[in-house]
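The values are calculated or read from the model by the stated rules, or taken from the named source; none is laboratory data. Since we're looking at a predicted model, the values are computed, not measured. Glycine gets a Cβ as well: all are built from the backbone with ideal geometry, and neighbour counts include every protein chain shown. Calculation scope for accessible area: heavy atoms of the full protein, side chains included, ligands and nucleic acids excluded. Shrake-Rupley method; radii C 1.70, N 1.55, O 1.52, S 1.80 Å.
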Amino acid sequence: MQKDSLYERLNVLEDRIQNACDRAGRERSEVHLLPVSKTRSPDVIAAATDCGLNVFGENRIQEAMAKIPRCPGFLQWHLIGHLQTNKARHAARIFDMAHSVDSERVMDALENACAACGKVMPILLEVNVAGEGSKFGMMPEEVVSVVERADGLPHVEPVGLMTIPPFANDAEKVRKYFRALRILRDKCEEQTGIRLQDLSMGMSNDFEIAIEEGATWIRIGTALFGKRGSPWKPTE
Ligand SMILES: *Cc1c(COP(=O)(O)O)cnc(C)c1O
């Protein structure tokens, strides 16, 4: 992808983010853009870096492990996909933050892996707000106790909640799930006294609604990089 077309898409995206912030009476600086670079090559990421982007989201450990060493060293990487616990040690090494801590088991695996490499990782707990059987994520009623446990662990730091709402053709239909995540966050903060500043919610199709409902991280793939192909693999 050419830097120019990426730059144009980023400008369009920035306008939409700003407009959503204006509608919600929020500052642009409260909303972080997480470009989702899954399936994209290091060349595309280099072009994005030239446009001023320096933090990226990846969902597969294997792809991220091959890709990250081929990208500029100053970039930050966020995990946004389900983590198999046997890959936690890789995740701890290559990621700076995890949005997709979808069970206590994954949290414990990350805690142990981060302890082994001597780092503290900010984590968001992924919540299955709609209670869909097919989805990763903890149930809303588990969240208070998991946040309390996370707070007691020395190598993970709970900083917020994340959700992926059920699919809907009409983005307006997902507003209630974003709102539910924010209300859950507020309730959790009140019950635990633990600050959970981050709400990771909103993707290419629904980020404006997520911003209106309080998102602090929007995870954007296709609106920035175009249609996705299969996972990226090194050629040699
Ligand atoms: C792929 C992915 C995204 C980005 O999706 P787009 O619709 O392309 O913006 C966001 N969040 C997660 C967890 C993803 O897996």
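Summary of computed values
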read-out	value
Number of the condition not met by His155 [criteria: (1) in contact with a Cys (Cβ under 6 Å, 6 or more places away or on another chain); (2) of a type outside the set (Gly, Ala, Ser); (3) more than 23 Å from Ile68 (Cβ to Cβ)]	(3)
Hits in segment 43-86 - residues which are within 16 Å of the ligand (Cβ to nearest atom), outside any loop (DSSP other than H, G, I, E, B), within 24 Å of Thr235 (Cβ to Cβ) and open to solvent by less than 60 Å² (accessible area, probe 1.4 Å)	Val44, Ile45, Ala48, Phe56, Gly57, Glu58, Ile61, Glu63, Ala64, Lys67, Trp77
Check on Arg179, more than 16 Å from the ligand (Cβ to nearest atom), in a loop (DSSP other than H, G, I, E, B) and at pLDDT 95 or above	no
Selection from segment 154-190 of residues that are open to solvent by 70 Å² or more (accessible area, probe 1.4 Å) and in contact (Cβ under 8 Å) with a residue 24 or more places away in the chain	Pro154, Glu157, Glu172, Arg179, Lys187
Single residue of segment 191-207 satisfying the filter (in contact with a Pro (Cβ under 8 Å, 6 or more places away or on another chain) and open to solvent by less than 10 Å² (accessible area, probe 1.4 Å)) that is farthest from Glu126 (Cα to Cα)	Leu196
Selected residue (criterion: nearest to the chain's Cα centre (by Cα)) from residues of segment 182-234 that are among the acidic types (Asp, Glu) and in a helix (DSSP H, G or I)	Glu208
Among (1) without any contact (Cβ under 8 Å) to a residue 60 or more places away in the chain; (2) under 20 Å from Trp217 (Cβ atoms); (3) not small (Gly, Ala, Ser), the one test that Met65 misses	(2)
Residue count for segment 17-67, restricted to those that are touching a strand residue (DSSP E or B) at 6+ places or on another chain (Cβ under 8 Å), over 16 Å from Phe225 (Cα atoms) and among the acidic types (Asp, Glu)	0
Unmet criterion (only one of (1) within 16 Å of the ligand (Cβ to nearest atom); (2) more than 15 Å from the chain's Cα centre (by Cα); (3) closer than 25 Å to Gln62 by Cα) for Phe167	(3)
Single residue of Gly214, Gly137, Gly226 found to be at pLDDT 95 or above, surrounded by 16 or more Cβ atoms within 10 Å (Cβ to Cβ), within 16 Å of the ligand (Cβ to nearest atom) and at positive phi	Gly137
